[in-house]
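Colleague: There's a structure below that I have some questions on.
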Amino acid sequence: MEDLNEFIGQAKTALDEKGRTPVPREFRRLLSDEESKSLIVSFGIGESLILWTIEEYRKFVVHIETRPATPKNVNFRRLFKANSHLVSMDGQNRILLSKEDKSRAKLEGEVLYVARSGKSAELWNPAIYNSKFGFNTEEDNQEFDDGFFDDVSLRGADENR
């Protein structure tokens, strides 16, 4: 696993009454000492938050700043940066989420960390995440299969094993 340099998977952790939640061990072990010192929390899509390393946040900011300067893009950049803030892990590997963060993601009692891209993770209320992205119906399973086997030749190769 030492060659893996991005988060994968998901993990559920507690959220205490003060808004502290531990960064899952599965993600924490991929962070360098320097990356662990300062992280960024921002609003994410829908009812989620995003936890970023400084490097991943910078990459995303460069990406959104290269979008055309339409009113929609300018407003998004403003709102995104205004709703981002630095956090650091305490001695128990917890980060502190603000009242606005908890309200945005409707977090109560638990936080589901879901790998995003690179060293960033989405933070979700587990029930909301499951209702949006869980395998709740046969159609959900079929949609996953169709996405996984987007190339018909892959589907045939896998079925012949």
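Colleague: Taking Arg78, is it of a type in the set (Lys, Arg) and more than 14 Å from the chain's Cα centre (by Cα)? Show your work before the answer.
Modeller: On the way: of a type in the set (Lys, Arg): yes; more than 14 Å from the chain's Cα centre (by Cα): yes.
When the stated conditions are applied, Arg78 passes them.
Colleague: Hey, another quick one. Within the set of pairs 6+ apart or on separate chains, which have a first residue in segment 46-75 that is at pLDDT 95 or above, a second that is open to solvent by less than 50 Å² (accessible area, probe 1.4 Å) and among the basic types (Lys, Arg), and C-beta atoms under 7 Å apart?
Modeller: Thr53/Lys119; Glu56/Lys119
Colleague: While we're on this one: Mind counting the residues in segment 21-34 that are without any contact (Cβ under 8 Å) to a residue 24 or more places away in the chain, out of contact with any strand residue (DSSP E or B) (no Cβ under 6 Å at 6 or more places or on another chain) and surrounded by 14 or more Cβ atoms within 10 Å (Cβ to Cβ)?
Modeller: The total comes to 0.
Colleague: Any residue at all in segment 35-47 that is under 17 Å from Arg94 (Cα atoms), among the small types (Gly, Ala, Ser), open to solvent by less than 80 Å² (accessible area, probe 1.4 Å) and under 13 Å from the mean Cα position of the chain (by Cα)?
Modeller: Quick first cut of segment 35-47, residues under 17 Å from Arg94 (Cα atoms) only: 35-42.
Now drop any that are not among the small types (Gly, Ala, Ser), which leaves 36, 38, 42.
Now restrict to residues that are open to solvent by less than 80 Å² (accessible area, probe 1.4 Å): 36, 38, 42.
Imposing the further condition that a residue be under 13 Å from the mean Cα position of the chain (by Cα) reduces the set to 42.
Within segment 35-47, one or more residues are under 17 Å from Arg94 (Cα atoms), among the small types (Gly, Ala, Ser), open to solvent by less than 80 Å² (accessible area, probe 1.4 Å) and under 13 Å from the mean Cα position of the chain (by Cα).
Colleague: Which condition number does Asp3 fail, the rest of (1) open to solvent by less than 50 Å² (accessible area, probe 1.4 Å); (2) out of contact with any helix residue (DSSP H, G or I) (no Cβ under 6 Å at 6 or more places or on another chain) being met?
Modeller: Answer for Asp3: the failing condition is (1).
Colleague: Suppose we keep only residues that are of a type in the set (Asp, Glu) and open to solvent by less than 80 Å² (accessible area, probe 1.4 Å) within segment 88-109. Which one would you say is farthest from Phe60 (Cα to Cα)? Spell out the reasoning first.
Modeller: Taking segment 88-109 as the starting set, the residues that turn out to be of a type in the set (Asp, Glu) are 90, 100-101, 108.
Next cut, open to solvent by less than 80 Å² (accessible area, probe 1.4 Å) only: 90, 101.
Numbers: Asp90: 26, Asp101: 19 Å.
So, considering only residues that are of a type in the set (Asp, Glu) and open to solvent by less than 80 Å² (accessible area, probe 1.4 Å), the one farthest from Phe60 (Cα to Cα) is Asp90.
Colleague: Mind counting the residues in segment 61-76 that are closer than 30 Å to Ser32 by Cα and open to solvent by 40 Å² or more (accessible area, probe 1.4 Å)?
Modeller: First, the residues of segment 61-76 that are closer than 30 Å to Ser32 by Cα: 61-66.
Those still in the list that are open to solvent by 40 Å² or more (accessible area, probe 1.4 Å) too: 62-63, 65-66.
Result for segment 61-76: 4.
Colleague: Could you say whether any residue in segment 11-20 is over 16 Å from the mean Cα position of the chain (by Cα), open to solvent by less than 70 Å² (accessible area, probe 1.4 Å) and at positive phi?
Modeller: yes
Colleague: Show me the helices (runs of 4 or more DSSP H) entirely contained within segment 1-115 in which 1 or more residues are among the aliphatic types (A, V, I, L, M) and touching a Ser or Thr at 6+ places or on another chain (Cβ under 7 Å).
Modeller: 54-65
Colleague: Additional query: Among the residues of segment 122-131, is any among the polar types (S, T, N, Q), crowded, with 20+ Cβ neighbours inside 10 Å and assigned to a loop (DSSP other than H, G, I, E, B)?
Modeller: yes
The values are calculated or read from the model by the stated rules, or taken from the named source; none is laboratory data. Being a predicted model, the structure only gives us computed values, none of them experimental. Note that we place each Cβ from the backbone using ideal geometry, even for glycine, and neighbour counts take in every protein chain shown. All accessible areas refer to the heavy atoms of the entire protein, side chains included, with ligands and DNA or RNA removed. Shrake-Rupley method; radii C 1.70, N 1.55, O 1.52, S 1.80 Å.
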